[in-house]
1. Which number gives the lysine pairs in the protein assembly as shown that have C-alpha atoms under 20 Å apart and are eight or more places apart or on different chains?
2. Would you tell me the mean number of C-beta atoms belonging to other protein chains that fall within 10 Å of each C-beta in A:37-47, as a whole number?
3. Tell me the relative contact order for chain B as a rounded percent, counting alpha carbon contacts under 8 Å between residues six or more apart.
4. Using DSSP to call loops (not H, G, I, E or B), can you name the trypsin sites (Lys or Arg not before Pro) in the range B:53-115 whose Cβ has at most 13 other Cβ atoms within 10 angstrom?
5. Using R₀ = 41 Å, calculate the FRET efficiency as 1/(1 + (r/R₀)^6) where r is the Cβ-Cβ separation of A:Ser14 and B:Leu96; round to 0.05.
6. Compute the distance in nm between two label points, each set 7 Å from the Cα along the Cα-to-Cβ direction, one at A:Asn61 and one at B:Ala5.
7. Say a paramagnetic label sat at a point 7 Å from the Cα of B:Val54, along Cα to Cβ; which residues of the range B:12-35 have their backbone N under 13 Å from it?
8. Where does the charge balance sit around B:Ala82 when Lys and Arg score +1, Asp and Glu -1, over other residues with C-beta under 13 Å from its C-beta?
Amino acid sequence: AQSVTQLGSHVSVSEGALVLLRCNYSSSVPPYLFWYVQYPNQGLQLLLKYTTGATLVKGINGFEAEFKKSETSFHLTKPSAHMSDAAEYFCAGGEGNKLVFGAGTILRVKS
Amino acid sequence: EAGVAQSPRYKIIEKRQSVAFWCNPISGHATLYWYQQILGQGPKLLIQFQNNGVVDDSQLPKDRFSAERLKGVDSTLKIQPAKLEDSAVYLCASSLGDRDAETQYFGPGTRLLVL
């Protein structure tokens, strides 16, 4: 069964700095992988997803993630953090059309 | 395009009481999901509907939780009787179909506090 681990429950970066949120998955089958963002008191919004093909996936708001099979990782990055990026980020793995979520990483952006 | 609607947004009840949540998915979406998100954890799937049929309810505590989607559109999730550990955000999501890696669209959630 699919499981997803997010390293670091809280990440703090300065405005303009690189954002790196870590996600590792375990699966015996080729995975589908997703990153969602959740702003306070809102539902989850899809940032990007990997299904097949190109391993570097570009999403909304300048985020991207790279699927690395050898490392079983799908880390989320953004070159320059904005204050508006402060939120909670969830990595999820899919088996068929079912999602298994990691525990989430809260991103804080300091001015 | 209107998103997934949920009500109420907040609910406070005492243990052993009952509560119901309502979800209206995006128009035309055949698949509907209910998730439970406990503080500090990621969402956990409770039940999945395809039109008005249940596809997966393996993680639904059926002794106290029930859900229905009678006409294949709106859905209700009920807890009776509630326990303290049911305090969580209940998220509804919908997707166009049930293909692999189909994008799920989430509502704002209902935040439940059981005292």
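1. Lysine pairs meeting both conditions in the protein assembly as shown amount to 24.
2. On the way: counts 0, 8, 1, 0, 6, 4, 15, 12, 3, 4, 0.
Mean inter-chain Cβ contacts per residue within 10 Å come to 5.
3. Numbers: 293 pairs, mean separation 42.3, N = 115.
After rounding, I find 37 percent.
4. Values: sites: B:Lys62, B:Arg64, B:Arg69, B:Lys71, B:Lys78, B:Lys83, B:Arg99, B:Arg111; in loops: B:Lys62, B:Arg64, B:Arg69, B:Lys71, B:Lys83, B:Arg99.
Counting only loop positions with at most 13 other Cβ atoms within 10 Å, the trypsin sites (Lys or Arg not before Pro) in the range B:53-115 are B:Lys62, B:Lys71, B:Lys83, B:Arg99.
5. On the way: r = 40 Å, r/R0 = 0.97.
With R0 = 41 Å, the Cβ-Cβ based efficiency is 0.55.
6. Using points 7 Å along Cα→Cβ, the separation is 2.6 nm.
7. Counting backbone N atoms under 13 Å from the label point, the list is B:34.
8. Numbers: positive: B:Lys11, B:Lys15, B:Arg16, B:Arg64, B:Lys78, B:Lys83; negative: B:Glu14, B:Asp63, B:Glu85, B:Asp86.
Result for the local shell: +2.
A short reminder: the numbers here are calculations on the coordinates, not readings from a lab. On a predicted model such as this, the values are computed, not experimentally measured, just so you know. Counting neighbours? That spans all protein chains shown, and the Cβs are built from the backbone with ideal geometry, glycine included.
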